[in-house]
1. What residue, among those in segment 170-184 that are assigned to a loop (DSSP other than H, G, I, E, B) and open to solvent by 30 Å² or more (accessible area, probe 1.4 Å), is nearest to ligand 1 (Cβ to nearest atom)?
2. Could you grab me the full set of residues in segment 92-105 that are away from ligand 2 (no atom under 14 Å from the Cβ) and within 18 Å of residue 178 (Cα to Cα)?
3. Anything in segment 215-229 that is touching a strand residue (DSSP E or B) at 6+ places or on another chain (Cβ under 7 Å) and touching a residue at least 12 places away in the same chain (Cβ under 8 Å)? List them, or say none.
4. May I ask you to verify whether residue 37 is more than 15 Å from residue 255 (Cα to Cα), open to solvent by 70 Å² or more (accessible area, probe 1.4 Å) and not in a helix (DSSP H, G or I)?
5. Please identify the pairs in which a residue from segment 187-206 that is without any contact (Cβ under 8 Å) to a residue 12 or more places away in the chain has its Cβ atom under 9 Å from the Cβ atom of a residue that is open to solvent by 10 Å² or more (accessible area, probe 1.4 Å), counting only partners at least 6 apart or on another chain.
6. Can you find a residue in segment 14-23 that is outside any helix (DSSP H, G or I) and open to solvent by 10 Å² or more (accessible area, probe 1.4 Å)?
7. Among the candidates 106, 112, 152, which residue alone is within 15 Å of ligand 1 (Cβ to nearest atom), open to solvent by 10 Å² or more (accessible area, probe 1.4 Å), farther than 19 Å from residue 78 by Cα and of a type in the set (Phe, Trp, Tyr)?
8. Among the residues in segment 167-174, are any at positive phi and at pLDDT 95 or above?
Amino acid sequence: MSTGVIQFKTEEEIDLMRAAGRLLARAHGEVAKLVREGATTRQLDHRAEEFIRDNGATPSFKGYNNFPYSLCLSPNSIVVHGFATDEPLKSGDILSVDCGVFLNGYHADSAYTYPIGEVSLDVQQLLKETEASLYKGIEQAVIGNRIGDISYAIQHHVASKGYGVVRELVGHGVGAKLHEKPDVPNYGKRGSGPLLQAGMTLAIEPMVTLGKKDVVQEKDGWTIRTRDKKPAAHFEHTVVVRKDKAEILTSFEFIEKALK
Ligand code: MG
Ligand code: MG
């Protein structure tokens, strides 16, 4: 969880964050080209770091509280904060790839969960509905609403499909720091929490479980896994709170292009 006060951004700062978001979208696209059966998450991590540094930026996560990788790579029952490994991905797996880019003093943060090869229908549905819940949350990220409106929209969508919503981890403000105020929980009450105002930039990131919502942390101090070992999905965008419609600074367009 983040500390401090909400950092409101000027349009000039948002321009810098937009550039970070574009580079992050392209970094995700480079990783997407390599995501397949037989690939290892270490290969994905290397490619992301190389691409980000080649473009004059820094991977936000590497070294953050001593996190050892440029990507958080979280297969199957790992919800978030998984480490890169040499174990090949196999058909039927899913993999959350979370990436942050730090460019010209500002971070952008986004995540996408991939199906690998042939994935069971119930897990395909989990991915589809988790991504849908992200956009339900983003729809609420407008001036005059409250954080709880985002939280409620996400929770309402995934609960209506019978899924669990992780409580221990939340979205967040993002900007000059990777994690800023306010927290953006994926559960909550409409009309509650901090007021959404011009200049707020948020990372909205539903973490949704096929089974129960309970999670455990592994001994490495990072990896978060579902207690019941059932799969979990994670999608994230960095957005700007705007008057009628939030502006999304990150994008899955290069991922979607690579997957075609
Ligand atoms: Mg992230
Ligand atoms: Mg985040």
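1. 179
2. Residues satisfying the conditions are 103, 104, 105.
3. Selection gives 215, 223, 224, 225, 226, 227.
4. Yes; evaluated as a whole, the condition is true for this residue.
5. If the second residue must be open to solvent by 10 Å² or more (accessible area, probe 1.4 Å), no pairs are left.
6. Looking for residues that are outside any helix (DSSP H, G or I) and open to solvent by 10 Å² or more (accessible area, probe 1.4 Å), one finds none in segment 14-23, hence no.
7. The unique qualifying residue is 106.
8. no
The values are calculated or read from the model by the stated rules, or taken from the named source; none is laboratory data. If you're wondering where the values come from, they're calculated on a predicted model, not measured in any experiment. Here the Cβ is made from the backbone with ideal geometry for all residues, glycine too, and neighbour counts use every protein chain on show. We work out accessible area using only protein heavy atoms, side chains counted, and drop any ligands, DNA or RNA first. Shrake-Rupley method; radii C 1.70, N 1.55, O 1.52, S 1.80 Å.
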